[in-house]
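Enquirer: Below is a structure I'd like to ask you about.
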Amino acid sequence: MIAIIVLAGTATGSVLVRQNSRAGSVRPAAVPSTTTVVRDTLVDVVTARGELAYGPELLMESRLSGTVTRLAGVGATVKRGEALFWVDDKPVVLLYGKLPAYRELTVGRSGSQQNGGDGGTPPTGTGATPPAVPATRGADVRQFEQNLQALGYTGFVVDDQFTAQTAGAVRRWQKDLGVEPTGVVELGRVLYSPASVRVAAHKLVAGQVASGPVLSFTGTERLVTAKLPAHHQALAKPKAKVTVALGNGAQAPGVVRSVRTPAEDQDRGGGQGPVVEVVVALADPKAFGGSDEGPATVRFVAEQRKGVLVVPVGALLALTEGGHGLEVIEGGASRIIPVETGLYADGRVEVSGPEVQEGMTVGMAQ
């Protein structure tokens with residue numbers, strides 16, 4: 001008689017395995033069901049729950065004083081040269097770059113100039129001589145000039161120096177924006193992002209003082225943010241290929257974009273211990289059609305074995321002398337052969353041994 005025992009410790013959890021006599025025994029076939037030894041690719045997968053959205057929200061603050069009079073709509077995509085919001089009915093413009101704006105950009109003026117011909121701040125106090133202001137130099141100038149050129153303005157050289165030629169192009173740009181053509185890029189008139197942005201939420205409404213965060217934004221690319229147990233972090237290397245699945249069964253390939261450890265006060269993975277936050281980009285941005293947001297599952301490949309012999313775990317026999325075997329059904333009789341087990345995945349197991357052959361019919365547990 002064949003007994004059923006529990007075999008623990010496989011990658012798929014506890015499984016039913018039949019207890020049998022020694023390998024090599026032969027008897028009449030009397031198994032209730034059979035399966036076939038096949039050659040296949042076996043993949044062990046680790047899954048992590050996540051959310052399909054547009055990535056983490058970031059804040060945009062106003063560096064200009066005044067009143068917020070308009071904002072780009074929630075869900076709107078704002079591109080280079082377009083307005084994010086308006087202060088005193090003048091636009092605050094998005095440009096592309098990684099360096100944040102932190103000072104005004106000017107051609108400079110001498111101490112004897114009142115306005116410097118470039119819209120600089122006039123002196124305070126009657127008869128006061130303002131201090132000299134040198135021309136702005138630095139990486140922020142180059143970044144701004146690259147944007148100005150990309151918007152179609154010419155007549156200057158893109159470099160690290162804000163010249164009179166740059167100021168001339170700035171005046172033309174300012175006239176097109178509808179702001180005073182001073183030739184000086186005031187701090188707060190432009191805000192930088194590496195690419196176009198999607199307005200996620202309004203933090204202020206029209207009529208409020210432009211102070212602190214005005215709106216929040218995300219990137220325009222749909223991303224999946226998933227929490228993966230920290231002990232599986234090695235599976236989530238940047239550029240690693242994964243599979244993203246939605247609740248409706250739709251699947252699409254993805255690529256790991258970044259991995260980070262969440263702050264201590266953030267969700268630790270539903271009480272499952274330390275986690276890492278994995279951001280995944282869809283390989284095809286059009287995948288999932290109009291599904292912009294919702295729960296998703298990310299599947300990471302833990303191990304893969306190509307072209308191996310595979311049977312359902314329920315076909316394994318636990319041999320009395322130790323190890324595992326298969327009950328091979330041939331010509332109305334059965335015999336027991338020993339096998340070595342390899343990868344367990346998705347209810348199947350890799351088997352090998354000198355007697356194992358593709359296409360064999362083997363018995364299954366009840």
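The values are calculated or read from the model by the stated rules, or taken from the named source; none is laboratory data. Because the structure is predicted, anything quoted here is derived from the model rather than measured. Ideal geometry is used to build each Cβ from the backbone, glycine not excepted, and the neighbour counts take in all protein chains shown.
Enquirer: Quick check, is A230 small (G, A, S), crowded, with 19+ Cβ neighbours inside 10 Å and at pLDDT 90 or above?
Expert: No, not satisfied.
Enquirer: What are the residues in region 284-294 that are surrounded by fewer than 16 Cβ atoms within 10 Å (Cβ to Cβ) and of a type in the set (G, A, S), if any?
Expert: Across region 284-294, the qualifying residues are G289, G290, S291, G294.
Enquirer: Continuing with this model, one more query. Select the strands (runs of 3 or more DSSP E) contained entirely in region 146-229, then report the ones holding at least 2 residues which are out of contact with any Gly (no Cβ under 7 Å at 6 or more places or on another chain).
Expert: Here the list reads 190-193, 197-202, 213-219.
Enquirer: Listed residues V190, V214, V224, V256; which is in contact with a His (Cβ under 8 Å, 6 or more places away or on another chain) and either β-branched (V, I, T) or under 18 Å from V46 (Cβ atoms) (or both)?
Expert: When all the criteria are applied, what remains is V214.
Enquirer: Out of the residues in region 31-55 that are assigned to a loop (DSSP other than H, G, I, E, B) and out of contact with any Leu (no Cβ under 9 Å at 6 or more places or on another chain), which is farthest from D89 (Cα to Cα)?
Expert: In this case the residue turns out to be V31.
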